[in-house]
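Worksheet for the structure shown next.
The values are calculated or read from the model by the stated rules, or taken from the named source; none is laboratory data. All figures in this text were calculated on a predicted structure; none of them were measured in a lab. So basically every Cβ, Gly included, is an ideal-geometry build from the backbone, and we count neighbours across all protein chains shown.
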Amino acid sequence: MIIIGVDYHPSDQYIAFVDTETGEYGERQLNHSEREAEKFYRELAARRAIVRVGMEATWYSHWFERLLAELGIEAWIGDAAEIKTKRVCKQKTDREDARLLLRLLRENNFPRIWVPSPENRDLRQLLWHRHRMVQMRTRIMSPSSNSRTISRVHTGCADETAWFRFADIHTLARTFRCWPRCKTAPEFRFRGWRPAGASCPVR
């Protein structure tokens, strides 16, 4: 197995790797703009070697995680805050960070966290896009969502009595967020409209 500790940056990455079978050790700096990193990992995949990569969690490494998943390389993402506490050397350099990640991987002390797979991430994006499209369709088909048909609100009484005249219960929930309260709060009384099976007092 080849174990690689990766200190990742947007423009490049510094790696420290070791082959557990032969004991071969090496360190390299791989540039992203010149596709050195992609060529390096594709060569490892072509050798059909078992590879494990460990790196700190960062938000700009999605393309790199997708590349490793495509090549069948095991990627471990670690908690950056916990990795920082395990740093012994006060001087922080790319080389020392890569060595630290490699050491934690070899000692089985790597603070691994769960991250969604590329397929899971794509599915979440599709679900979020569908959710937004359904919201847009609902707003277009429901004129009352844009033009609120609330006729009057009166809150001057001592018991906070309020009258609402509306066309959609969701409009009320989004606008005043008092529909959950109307089931238990008697001070909210609705006049002129009642939803089917409503348990709130209507007077």
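Is it the case, given these coordinates, that Ala16 is surrounded by 15 or more Cβ atoms within 10 Å (Cβ to Cβ), small (Gly, Ala, Ser) and more than 16 Å from Leu104 (Cα to Cα)? Here the answer is no, as Ala16 does not meet what is asked. Note on the stretch 22-57: among residues that are among the hydrophobic types (A, V, I, L, M, F, W, C) and without any contact (Cβ under 8 Å) to a residue 40 or more places away in the chain, the one that is surrounded by the fewest Cβ atoms within 10 Å (Cβ to Cβ) is Ala46. Only one of the numbered conditions (1) surrounded by fewer than 17 Cβ atoms within 10 Å (Cβ to Cβ); (2) closer than 27 Å to Glu119 by Cα is not met by Lys86, and that is (2). Among the residues of the stretch 17-38, is there at least one that is in a helix (DSSP H, G or I), over 15 Å from Asp97 (Cβ atoms), of a type in the set (Gly, Ala, Ser) and in the same structural domain as Arg106 (by TED's automatic domain parsing)? So far as the stretch 17-38 goes, yes, one or more of its residues are in a helix (DSSP H, G or I), over 15 Å from Asp97 (Cβ atoms), of a type in the set (Gly, Ala, Ser) and in the same structural domain as Arg106 (by TED's automatic domain parsing).
Scanning the stretch 120-138 for residues that are at pLDDT 80 or above and not hydrophobic (A, V, I, L, M, F, W, C) gives Asn120, Asp122, Arg124, Gln125, His129, Arg130, His131, Arg132, Gln135, Arg137, Thr138.
Just one of the listed residues (Thr85, Thr138) is among the hydroxyl-bearing types (Ser, Thr, Tyr) and outside the structural domain of Arg48 (by TED's automatic domain parsing), namely Thr138. In the stretch 1-21, the residues that are under 14 Å from Asp94 (Cα atoms) and in contact (Cβ under 8 Å) with a residue 24 or more places away in the chain form Cβ pairs under 7 Å with partners that are part of a strand (DSSP E or B) and of a type in the set (Ser, Thr, Tyr), at six or more places apart or across chains, as follows: Asp7/Tyr14. Restricting attention to the stretch 48-107, the residues that are assigned to a loop (DSSP other than H, G, I, E, B) and not β-branched (Val, Ile, Thr) add up to 15.
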